[in-house]
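Notes for the one structure printed next.
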Amino acid sequence: MTDKAKKTKSTKIVKSSISRRQFTAGVAAVGAAASVGPWYIKNARAANPLKVGVLLPRSGGQAQIGIDCQRGADAALPILKDLGYPELKFMLADFETKVDVARTQTAKLIDEGAQIIVGAFDSGATMAAAQVCEQRNIPLVVNIAAVPKLTGMGLQWVFRNFPHGPMIVKDAFINQKALFKMTGHTPKTVTLMHVNDTFGSSLAGALFKLAPKFKMPYKIVEKISYDPYGRDLSAEVRKAKASGGEALWVVSRLNDAIMMTKEMVKQRFEPMGIMSTGPGWYDQEYMKATGKFGDDVVSLVPWHDSNKPLSKTLEAYFAKHHPDRQVNPNHTYTFEGIMIAADAYKRAGSTNAKTLQAALRTTNITNNVTTAERIAFEPNGQNKYVKNSAVQNRGGKNLVILPQSAAVAKPIWPMRGWKKRG
Amino acid sequence: MDFWTLANALATGLLTGLVYGLSALGLSVIFGVIRIVNFAHGEIMVMGMFFALIMFRWLGLDPLLSIPLAAAILFVFGYALQSTVISRVAHLPDHMQFLLLAAIAVMIVNGSLLIFGPDPQAINISYSFDSFDIGEDLIIDKSRAYAAIAAVAISGLLLGFFKYSRTGKAIRACADNYLGAQVVGLKVDHLYALTFGIGAACLGAAGCVLLLLIEVHPYLAPGYTLLAFVIVIIGGLGSMTGALVGGILIGMSEALAAIVFQPSMKSAFSFGLLILVLLLRPQGLMGKSIK
């Protein structure tokens with residue numbers, strides 16, 4: 001035997017020399033660790049709540065909506081705790097209603113330890129946040145954002161529990177047809193006004209693309225886009241009036257909804273009805289600012305189902321903590337966004353991003369608040385079950401008029417003239 | 001597009017332009033005399049709007065009736081700001097003055113947020129939703145008409161003050177020849193503070209007038225600061241009549257752009273007009289050329 005061969009043999013012997021005592025001690029140690037493990041992991045989870053980055057426009061032009069969304073997130077904490085979901089820790093971020101700030105704020109949230117992001121209300125900002133989440137491998141649960149390509153370009157870390165533009169438009173068409181049929185009044189022409197941002201443009205684009213497919217009984221005679229930061233909408237309303245559309249379809253935000261209504265009254269522009277596909281027109285602030293003139297507007301938007309048990313819990317929470325506000329989509333979809341994150345964490349049992357992503361893919365929540373029959377995601381990250389309702393403003397309240405299964409009131413259509421409102 | 005649609009748009013543009021002109025007047029007055037570019041312009045105007053809002057909520061006072069009080073309060077604010085803070089940086093390079101005014105703007109926005117919150121707040125007065133009918137097809141919004149009348153009256157008062165009053169003449173003397181004004185014994189520091197106070201008072205009045213037309217929220221200001229810059233550059237920096245002319249031009253061009261092209265093109269038209277003026281008449285339509 002050569003020296004090298006001897007050395008090799010000796011090494012082998014050393015490697016395999018485990019005594020019975022050492023083996024027994026090892027088995028005991030493994031057994032002890034195994035028995036303590038679940039307790040340790042369970043307590044580690046309780047001691048380390050999931051860090052949820054809540055990205056919203058808390059300042060800038062959409063500040064009031066971002067703050068309204070936060071009310072939904074705040075409601076989630078006590079309600080989800082009562083439902084047995086694990087503890088969450090919010091990390092709040094403000095993207096100042098600026099897309100570039102959304103990008104930097106998302107990166108900052110992740111740098112500071114956010115394990116999942118929920119947001120961001122605005123389509124453009126959500127697209128920016130999605131790109132960062134995709135690069136950094138952190139899940140993004142979209143509360144509100146309708147731009148179709150968010151779930152149409154193969155992103156692996158984006159999960160959207162909100163209808164995209166074509167889904168909103170499709171449901172809007174269905175609800176419009178039902179509304180016209182129920183009331184016996186169908187407009188032959190419609191004028192479309194939309195805010196010229198990512199949300200407004202994508203929705204208006206989807207509307208034009210899908211209208212022929214649905215064989216709508218009207219023709220869109222004019223498409224008027226306007227600046228989201230417009231100071232004055234008198235010319236826009238004048239143009240809409242001059243277009244001769246029998247009904248007005250709007251895709252807008254809050255401030256412009258108020259300005260538009262005032263201008264319509266002042267310019268005596270009385271269409272058959274106002275249909276909105278977007279925020280603003282159902283807001284409490286809108287109804288407060290416009291009073292009786294805000295009545296009869298029909299919003300074709302994702303809404304909650306008041307008959308669901310969790311909706312009743314959420315409504316009770318708002319009645320107690322925000323008695324001046326009714327539950328609206330800003331609240332419900334942000335609430336559900338937080339619930340989706342908590343549910344994924346509960347099932348994953350870990351804050352590891354990959355594990356959370358896998359858990360999000362298998363989400364199946366049936367105890368929810370919106371009209372969606374369940375929350376479950378397609379491989380592209382879209383919840384295909386989300387649906388729209390038709391909600392009409394009446395005396396400062398939002399009443400569901402369609403679908404009939406969730407309706408609490410009969411529609412007023414055509415809308416009452418400005419001078420016929422008491 | 002029919003004639004009446006165009007006529008209605010132009011009438012609205014003219015009335016809106018007069019209000020824009022009043023809001024830009026404060027910037028022009030301050031720059032014309034003190035040579036300081038007020039980056040807190042829009043924010044001071046929003047203070048005036050919030051003041052009118054408070055008066056309406058507490059006392060039910062029409063914003064037009066709040067004008068004297070808002071102007072008086074913001075005059076004191078402007079006077080104090082100039083004499084205690086801005087005067088100390090007047091000798092420093094321009095960029096340091098800009099930063100100071102920008103910092104004041106940020107403080108005003110955040111203060112407003114703390115006090116009033118981020119939600120837009122509107123007032124509903126008896127004529128908020130009313131219009132005048134002139135003939136069969138010309139409809140003039142009452143709020144806009146009253147706002148424009150108030151804007152013209154305030155601008156007239158201001159122009160009269162600078163042209164005919166002793167103090168106004170003294171302020172103009174400071175603007176024309178700083179050293180000469182000192183030599184003849186004018187209290188330049190006091191007159192500068194007075195000018196800033198008058199500029200701020202003008203913004204307070206503009207804020208009250210503007211509340212008739214739009215909702216107020218703390219983030220409204222930057223858009224109006226930018227608009228005022230566009231207007232005074234078109235009209236001529238430092239020229240008061242130029243500010244009014246610039247305001248009318250912007251109001252009418254925006255209204256026309258919205259009707260003839262697309263409303264989303266309004267801002268493009270304002271800035272297009274600005275570029276055109278800068279290319280063809282850099283001193284502005286009513287400004288004096290610098291040799």
Exposed GluC sites (Glu not before Pro) being those in a DSSP loop with at most 14 other Cβ atoms within 10 Å, the longest stretch of chain A free of them is A:113-372
Which trypsin sites (Lys or Arg not before Pro) does the stretch A:134-237 hold that lie in a coil by DSSP with at most 12 other beta carbons within 10 Å?
-> A:Lys188, A:Lys215
Crossing angle, helix B:41-59 versus chain B [Cα axis fit, 0-90 degrees, rounded to tens] = 60 degrees
Charge dipole (debye, nearest 20) of chain B; +1 at Cβ of Lys and Arg, -1 at Cβ of Asp and Glu | 1240 debye
Could you calculate the contour length gain from A:Leu92 to A:Arg416, that is, 0.36 nm times the residue separation minus the distance between their Cα atoms, to one decimal place in nm?
-> 112.3 nm
From fewest to most C-beta neighbours within 10 Å, the residues B:His95, A:His321 line up as B:His95, A:His321
Rounded to the nearest 5, what is the percent of antiparallel bridges among the DSSP beta bridges in chain A?
-> 25 percent
Expressed in angstrom and rounded, the centroid-to-centroid distance over alpha carbons for the stretch B:240-278 and the stretch A:172-201 is 33 Å
Take the Cα of B:Tyr127, step 7 Å along the line toward its Cβ, and report every residue of the stretch B:1-31 whose backbone nitrogen sits under 18 Å from that point.
-> B:11-20
On a C-alpha basis, how far is the centre of the stretch A:359-396 from the centre of the stretch A:267-316 in Å? Whole number, if you could?
-> 19 Å
What distance in nm separates the simple spin-label points at B:Phe98 and A:Ala178, each placed 7 Å from Cα in the Cβ direction?
-> 5.6 nm
What is the spin-label model distance, in nm, from B:Arg35 to A:Arg325 if the labels are put 7 Å beyond Cα along the C-beta direction?
-> 5.1 nm
B:Ala80-B:Tyr164 FRET efficiency (beta carbon distance; Förster radius 30 Å; 0.05 resolution) | 0.65
Express in whole angstrom the spacing between the alpha-carbon centres of the stretch B:1-47 and the stretch B:66-121.
-> 19 Å
Among beta bridges that DSSP assigns inside the protein assembly as shown, antiparallel share in %, nearest 5 = 35 percent
Taking a ≥ b ≥ c as the square roots of the eigenvalues of the Cα gyration tensor of the protein assembly as shown, is the shape rounded (a/c under 1.5), prolate (a/b larger than b/c) or oblate?
-> oblate
Connecting every pair of Cα atoms under 10 Å apart in chain B and solving the GNM, the largest mean-square fluctuation among B:Tyr20, B:Tyr178, B:Tyr192 falls on B:Tyr178
So the angle from the long Cα axis of helix A:254-266 to the longest Cα principal axis of chain A, reported in degrees to the nearest 10, equals 0 degrees
Is there a pair in A:Lys98/A:Lys213; A:Lys262/B:Lys266; A:Lys188/A:Lys312; A:Lys223/A:Lys387; A:Lys213/A:Lys266 whose C-alpha atoms are over 28 Å apart, and which pairs would that be?
-> A:Lys98/A:Lys213; A:Lys188/A:Lys312; A:Lys213/A:Lys266
Can you figure out the FRET efficiency of A:Thr189 with A:Met153, using R₀ = 45 Å and their beta-carbon distance, to the nearest 0.05?
-> 0.80
Check the straight Cα-Cα distances from B:Lys163 and name the lysines below 29 Å, setting aside those fewer than 8 residues away within the same chain.
-> B:Lys187, B:Lys288, B:Lys291
Which order do A:Arg103, B:Arg35 fall in if you start with the one that has the fewest other Cβ atoms within 10 Å?
-> B:Arg35, A:Arg103
What is the helix-to-structure angle for A:3-16, meaning the angle in degrees between its Cα long axis and the longest Cα principal axis of chain A, kept from 0 to 90 and rounded to the nearest 10?
-> 60 degrees
Could you give the nm distance between label points at A:Thr366 and B:Ala268, where each point is 7 Å from its Cα heading toward the beta carbon?
-> 5.3 nm
Tell me, what is the percent relative contact order of the stretch A:66-218, built from C-alpha pairs under 8 Å that lie six or more residues apart?
-> 17 percent
Provide a whole-number value for the mean count of partner chain Cβ atoms within 10 Å of the Cβ atoms in peptide B:253-263.
-> 5
With R₀ set to 30 angstrom, the calculated FRET efficiency between the beta-carbons of A:Ala316 and A:Arg347, to the nearest 0.05, is 0.65
Value of relative contact order over chain B, rounded to a whole percent, pairs C-alpha under 8 Å and six or more apart | 38 percent
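Each reported figure results from applying straightforward, stated rules to the coordinates on display, with no laboratory input. Computed from a predicted structure; not experimentally measured. For neighbour counting, all protein chains shown are included, and Cβ atoms are generated from backbone atoms with ideal geometry for every residue, glycine included.
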